[in-house]
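One structure below.
The values are calculated or read from the model by the stated rules, or taken from the named source; none is laboratory data. These figures come from a predicted structure and were not determined experimentally. Ideal geometry is used to build each Cβ from the backbone, glycine not excepted, and the neighbour counts take in all protein chains shown.
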């Protein structure tokens, strides 16, 4: 599995020690009302609770989450909160955990959002840039810096997404896959890794062709075909679904195209399908980091 950190949008998460030996969560910002403040139902709360029990930390923590990442859009909102909690607890209690360990703890928070632990999003959020999740048992990752010429255009339609959207997106995936589709996906996956290893933005974009998940999930995104066509016409090197959607992501080589213009073209694609949308340009990001002790 692959993951890619984004420079924008971002969340700000503040952890404060409390005399009350419990986890308390406060949420503000983008669509804050849609996010649970019950620790067992919040990805940051799940992570903090688990780490406090695991390391027998005699303390309570207040977690203030200022959302800048739109939730339920396929932009890694739940992973951002989970990763921030893991990194914050690690820093606050001087646990000196490795990135592998941080990813393992952060992945536990995804149960609150997706129903199961998964590390593809949190691995990129912890490590930054592009991450290959090689295996779960043992947990192994390979981290590549993104090429400096690589930019991204992202757009998502203003539509109602179902509760536990990620679970639903996974439920539509085929149980059996034709061997030719597997071969095609493996070829594109290895080409994409080669693109990151050699800094070839165009190869990265052209390799974003999915013969398994994308055909199954495309019908869940209104205007999928129009958005993809418009982005490619505007100069994108490749287009795919961001996470479980409905956001769509285009890779742009800034030497040959303008990411802002590609984003505007993607907005036009959604509009042609009858949906308003939010679209913006960004680039690969550094992942979670601490502003202060």
Would you confirm, using the coordinates I've provided, whether residue 138 is free of Cβ contacts under 8 Å to residues at least 40 places away in the same chain, more than 23 Å from residue 284 (Cβ to Cβ) and surrounded by fewer than 16 Cβ atoms within 10 Å (Cβ to Cβ)?
yes
Could you please find all residues in segment 141-152 being touching a strand residue (DSSP E or B) at 6+ places or on another chain (Cβ under 6 Å), closer than 17 Å to residue 6 by Cα and surrounded by fewer than 21 Cβ atoms within 10 Å (Cβ to Cβ)?
143, 144, 149
Failed item, numbered, when residue 278 is tested on (1) free of Cβ contacts under 8 Å to residues at least 40 places away in the same chain; (2) part of a strand (DSSP E or B)
(1)
Do we find that residue 74 is in contact with a helix residue (DSSP H, G or I) (Cβ under 6 Å, 6 or more places away or on another chain) and crowded, with 24+ Cβ neighbours inside 10 Å in this structure?
no
Could you count how many residues in segment 203-222 are free of Cβ contacts under 8 Å to residues at least 40 places away in the same chain and in contact with a strand residue (DSSP E or B) (Cβ under 8 Å, 6 or more places away or on another chain)?
6
Of the conditions (1) within 16 Å of residue 152 (Cα to Cα); (2) surrounded by 18 or more Cβ atoms within 10 Å (Cβ to Cβ), residue 254 fails just one. Which one is it?
(2)
Could you list, in sequence order, the residues of segment 2-22 that are in a strand (DSSP E or B) and closer than 14 Å to residue 84 by Cβ?
12, 13, 14, 15, 16
Given the conditions (1) farther than 20 Å from residue 245 by Cβ; (2) surrounded by 20 or more Cβ atoms within 10 Å (Cβ to Cβ), which single one is not true for residue 191?
(2)
Mind checking which residues of segment 175-187 are surrounded by fewer than 17 Cβ atoms within 10 Å (Cβ to Cβ) and either under 25 Å from residue 75 (Cβ atoms) or within 20 Å of the chain's Cα centre (by Cα) (or both)?
none
Give segment 234-247 a look and list any residue that's closer than 20 Å to residue 171 by Cβ and part of a strand (DSSP E or B), or say none.
240, 241
Tell me, yes or no, whether segment 35-58 has at least one residue that is within 26 Å of residue 151 (Cβ to Cβ) and touching a strand residue (DSSP E or B) at 6+ places or on another chain (Cβ under 6 Å).
no
Checking residue 257 against (1) touching a residue at least 12 places away in the same chain (Cβ under 8 Å); (2) farther than 21 Å from residue 77 by Cα; (3) not in a loop (DSSP other than H, G, I, E, B), which test does it fail?
(3)
Does residue 166 qualify as being surrounded by fewer than 14 Cβ atoms within 10 Å (Cβ to Cβ) and part of a helix (DSSP H, G or I)?
no
Residue count for segment 112-135, restricted to those that are in contact with a strand residue (DSSP E or B) (Cβ under 8 Å, 6 or more places away or on another chain), in a loop (DSSP other than H, G, I, E, B) and either without any contact (Cβ under 8 Å) to a residue 12 or more places away in the chain or surrounded by fewer than 19 Cβ atoms within 10 Å (Cβ to Cβ) (or both)
0
For the condition out of contact with any strand residue (DSSP E or B) (no Cβ under 6 Å at 6 or more places or on another chain), under 20 Å from residue 263 (Cβ atoms), part of a helix (DSSP H, G or I) and outside the structural domain of residue 7 (by TED's automatic domain parsing), what is the one hit in 231, 225?
225
Go through segment 36-71 and report how many residues are surrounded by fewer than 24 Cβ atoms within 10 Å (Cβ to Cβ) and either assigned to a loop (DSSP other than H, G, I, E, B) or touching a residue at least 60 places away in the same chain (Cβ under 8 Å) (or both).
14
